[in-house]
Amino acid sequence: MDRLRQKLSTIAHGDHPIAAPLHESTVRHLLDLALPHGDERVLDLGCGEGAWLLRAAAERPGVRADGVDVSESALGLGRERIAAAGLADRVALHQEDATAYSAPHQYDAVLCVGATHAFGGLLPTLEAARKHLAPGGTLIVGDGFWEKAPGPETLQAGFAEDEFMSLPNTVDQVLLDQWIPVHGHISTLAEWDEYEWAWTGTLSRWALDHADDPDSAEALRAAAQHREEWLRGYRGTLGFLTMLLRQAARPEPQHTLFRH
């Protein structure tokens, strides 16, 4: 992601730092389920400004967390907010490619919500998360699915027909990869609309209030394009599924005994 795209994305999420179509109450509930003890070690792959981690640590004094992202602007804003909340000793944000991140320990909870594109899709994201997740740990993963088959308007908005699957096939894909869903949330149309109005509205408002900024015109253009693609392209067609997953026990290899 280039500098301008990073900047505009950070601005656009200013009023909706959870960069996905999820209400705050939904985020709180998902974290309560994934972090039942309040002393877990948490990793967010593609963390943006670390909004999930800030919420996780603020309400749980024992949580320690790491976030990984490539966006300098989002991470800078996140570090400011984490420091202001007095959480800098427990929440660390790292600027690097999430696919290359390594740590000397595993994590009780791994998150990747709305950032599976960084790994090339859902299945590669599950494989990456598996490397970081401690036994018995929980993965929170959020990704798109097709509410209905995408029509020409959706494809013209930049999506590929095979970019996502139906909801049942998406869940089947997870099960075949030896994960067990222990909870799930399908974003409502109201959650989608709130997110998209926040994205396009916040960016447009910033552009109007900063007309002297050299990126103001591009911000207005990006907001208008995004709004058009949402309203005429994928609204009601693209869904969003957030799942809490636990690893299934992988079958032991079968050994054949040969008698001589």
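Can you compute the charge dipole magnitude of the range 48-118 about its Cα centre, using +1 on each Lys and Arg Cβ and -1 on each Asp and Glu Cβ, nothing else charged? Give it in debye, rounded to the nearest 20.
Working: 6 positive and 10 negative charges, 55 e Å.
Its charge dipole is roughly 260 debye.
What is the local net charge at A58, summed over the other residues whose Cβ is closer than 12 Å to its Cβ (Lys, Arg +1; Asp, Glu -1)?
Values: positive: R28, R55, R60, R81, R90; negative: E59.
Every neighbour counted, the sum reads +4.
Counting pairwise Cα distances across the range 117-217, what percent come out greater than 18 angstrom? If you can, show how the numbers build up before the last one.
Working: 3245 of 5050 pairs.
When all Cα pairs of the range 117-217 are counted, 64 percent exceed 18 Å.
For Y107, enumerate residues with amide H under 5 Å from its amide H, sequence gap 5+ or separate chain, H modeled in the peptide plane.
Residues meeting the criterion, in which the H sits 1.01 Å from N, are L133, A134.
Select from Q247, P124, H185 the residue farthest towards the positive end of the dipole of the range 98-251; place +1 on Cβ of Lys and Arg, -1 on Cβ of Asp and Glu, and compute about the Cα centre.
Q247
Hey, got the Cα dimensions of the range 205-248 along the principal axes, in Å, largest first?
Reported extents, whole Å, longest axis first: 55, 25, 13.
When the gyration tensor of the chain is built from Cα positions, what are the square roots of 5 times its three eigenvalues, in whole Å, from largest to smallest? All intermediate terms of the calculation are to be shown ahead of the outcome.
On the way: eigenvalues 212, 119, 51 Å².
Working through the eigenvalues yields semi-axes of 33, 24, 16 Å.
In whole percent, how big is the carbon plus sulfur part of the accessible area of the range 101-170, probe 1.4 Å, protein atoms only? Can you show the working numbers first?
Details: 1710 of 3250 Å².
Within the range 101-170, the accessible surface is 53 percent carbon and sulfur.
Relative contact order of the chain, please, whole-number percent, based on alpha carbon pairs below 8 angstrom and at least 6 residues apart. All intermediate terms of the calculation are to be shown ahead of the outcome.
Numbers: 421 pairs, mean separation 57.2, N = 260.
Normalised by residue count, the contact order of the chain is 22 percent.
Of the residues A92, A222, A248, which exhibits the maximal mean-square fluctuation in a Gaussian network model of the chain defined by a 10 Å Cα contact cut-off?
A248
For the chain, what does the accessible surface come to per residue with a 1.4 Å probe? Please give it in Å². Write out the running numbers ahead of the final one.
On the way: 13230 Å² over 260 residues.
Solvent-accessible surface per residue comes out at 51 Å².
Work out the charge dipole of the chain with +1 on the Cβ of Lys and Arg and -1 on the Cβ of Asp and Glu about the Cα centre, then indicate which of L220, G236, G78 is farthest towards its positive end.
Of the listed residues, the answer is G78.
Could you pull out every residue, at least 5 positions away or on a different chain, whose amide H is within less than 5 Å of the one on F145? Hs are placed 1.01 Å off N in the peptide plane, and Pro or chain starts have none.
Amide H neighbours of F145, under 5 Å, 5+ apart: G239, F240, L241.
What number, in percent, do you get for the relative contact order of the range 1-122 if the mean sequence gap of Cα pairs under 8 Å and at least 6 apart is divided by its residue count?
Computed value for the range 1-122: 28 percent relative contact order.
Under a Cβ-only charge scheme (Lys and Arg +1, Asp and Glu -1), can you give me the dipole magnitude of the chain about the Cα centre, in debye to the nearest 20?
Using only the charged Cβ atoms, the result is roughly 720 debye.
What is the ratio of the Cα radius of gyration of the range 1-109 to 2.2 N^0.38 Å, where N is its residue count, to two decimals?
Values: Rg = 13.3 Å, N = 109, 2.2 N^0.38 = 13.1 Å.
For the range 1-109, the normalised Cα radius of gyration is 1.02.
Which one of A92, P61, P21 is farthest out on the positive end of the charge dipole of the range 1-120, using unit charges on Cβ (Lys, Arg +1; Asp, Glu -1) and the Cα centre as origin?
P21
Could you compute how much accessible surface D215 exposes when probed at 1.4 Å, giving the result in Å² to the nearest 10?
Rounded to the nearest 10, the figure is 20 Å².
The values are calculated or read from the model by the stated rules, or taken from the named source; none is laboratory data. Source: prediction; values computed, not measured. Cβ: placed from backbone, ideal geometry, glycine included. Neighbour counts: every protein chain shown. When the accessible area is computed, the model is the full protein with side chains, heavy atoms only, and any ligands, DNA or RNA have been set aside. Shrake-Rupley method; radii C 1.70, N 1.55, O 1.52, S 1.80 Å.
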